[in-house]
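Report on the structure given below.
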Ligand code: 2NL
């Protein structure tokens, strides 16, 4: 036989269990134990019919109240273990946001291809500072003191008699000073010239210079190397033309033209109907330059070359204005996948 005291005791016990429950299944089990079909409170309610009428009322009310209290307590506790509410505005059937891959900038891409081509021919890579001394940029490269390229018009001078290198050739002088021949190396990098900006010129640009110094190096070695590079880079069927030219640091000097890869030399917009495209400058390193880095210029000879990366990129991708390479308009850059 149960009394109201029993109901209160069972309810207190059940509420304590709810309070310490750690999961939904635990709460469900508590529900079954106390208010399920064979639960303790349910059983108590089943004994009502055996009680005298006067007691039945009060006892029934107490047991029902206990049942409701426990139901409410369980319902509240279940909330604690419920997952986050679903956002009613979220539509899982919508297509996802596509994060497009970036692309390599056309200048870096072109420079990487030039560098890779020379690496395949066994050239090492050397790097050097963007800010240079007059010695490495000019003096060591046999620039006469009154050479126009030293003019304030072309060179950005910075504090302390230093300057922004106008070519990457100073790195070659630094390299030659450090190592003994045979040396075979290229110097890719940024260069700076104080020039008016136009469709063809910008005050920052990139250059890949290269040289080889050893005993018995001749102009034929230079030709072989550059023919191999141009055919590798622009196409196997190219013709090359070596035109005599002048650089303070090479003697003899030449400029290399390739037959236009677009029209095969017939003449078109790209080659301005000349059939030829000017690609790079080169020559045999002036013995004065070799002597300045401490080499016996009777024993060693070397060839050297240099090319502007932007110039080659503009030709290769048929871009009409160099400024497009520096504006970084993502719609332009994305085309160079
Ligand atoms: C051009 C022409 C050139 C070189 C760069 C060089 C390197 C050494 C000694 C002598 Cl170690 N010269 N480099 C030679 C001839 C031409 O560049 O038009 N560059 C954009």
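Computed from the coordinates by the stated procedures, all read-outs in this text should not be read as laboratory data. All figures in this text were calculated on a predicted structure; none of them were measured in a lab. Neighbour counts run over all protein chains shown; Cβ positions are idealised from the backbone, glycine included.
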In degrees between 0 and 90, to the nearest 10, how far off the longest principal axis of the chain does helix 4-20 point, with axes built from Cα atoms?
-> 10
May I ask for the angle, rounded to the nearest 10°, between helix 24-35 and the longest principal axis of the chain, with both axes built from Cα atoms and the value confined to 0 to 90°?
-> 10
Pairwise label distance in nanometres, residue 93 with residue 237, each label 7 Å out on the Cα-Cβ vector = 5.5
For segment 17-144, Kirkwood radius (reciprocal of mean inverse C-alpha pair distance, Å) | 23.7
D (Stokes-Einstein, µm²/s), Kirkwood Cα radius, segment 4-81, 1.306 mPa s at 10 °C = 125
Assign one of three labels to segment 179-264, namely rounded, prolate or oblate, based on the Cα gyration tensor with a ≥ b ≥ c the square roots of its eigenvalues; rounded applies when a/c is under 1.5, prolate when it is not and a/b is larger than b/c, and oblate otherwise.
-> oblate
Just the Cα atoms of segment 261-337, one point each, no solvent: what log10 I(q)/I(0) does Debye give at q = 0.11, 0.23 Å⁻¹?
-> -0.51, -1.04
Where the eigenvalues come from the Cα gyration tensor of segment 182-337, what are the semi-axes √(5λ) of the equivalent ellipsoid, largest first, in whole Å?
-> 30, 20, 13
Please report 20, 43, 117, 259 as a ranked list, fewest other C-beta atoms within 10 angstrom at the top and most at the bottom.
-> 20, 43, 117, 259
Convex hull of Cα atoms in the chain, direction-averaged projection (nm²) = 33.1
Just report the Cα centroid separation between segment 6-28 and segment 37-106, whole Å.
-> 14
Kindly identify segment 67-119 as rounded, prolate or oblate by the Cα gyration tensor criterion: order the square roots of the eigenvalues as a ≥ b ≥ c, call it rounded if a/c is under 1.5, otherwise compare a/b with b/c, prolate if a/b is larger, else oblate.
-> prolate
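Please report 278, 327, 28 as a ranked list, fewest other C-beta atoms within 10 angstrom at the top and most at the bottom.
Exposure proxy ranking, most exposed first: 327, 28, 278.
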Rounded to the nearest 10 degrees, the helix 219-234 long axis (Cα) sits at an angle to the longest Cα principal axis of the chain of 40
Given the Cα atoms of segment 85-242, and with Rh set as the inverse mean 1/r over their pairs in the Kirkwood sense, what is Rg to Rh to two decimals?
-> 1.18
What number, rounded to the nearest 500 deg cm²/dmol, is the helix-based mean residue ellipticity at 222 nm of the chain, given -39500 (n - 2.57) per DSSP H run of at least four residues and division by all its residues?
-> -12000 deg cm²/dmol
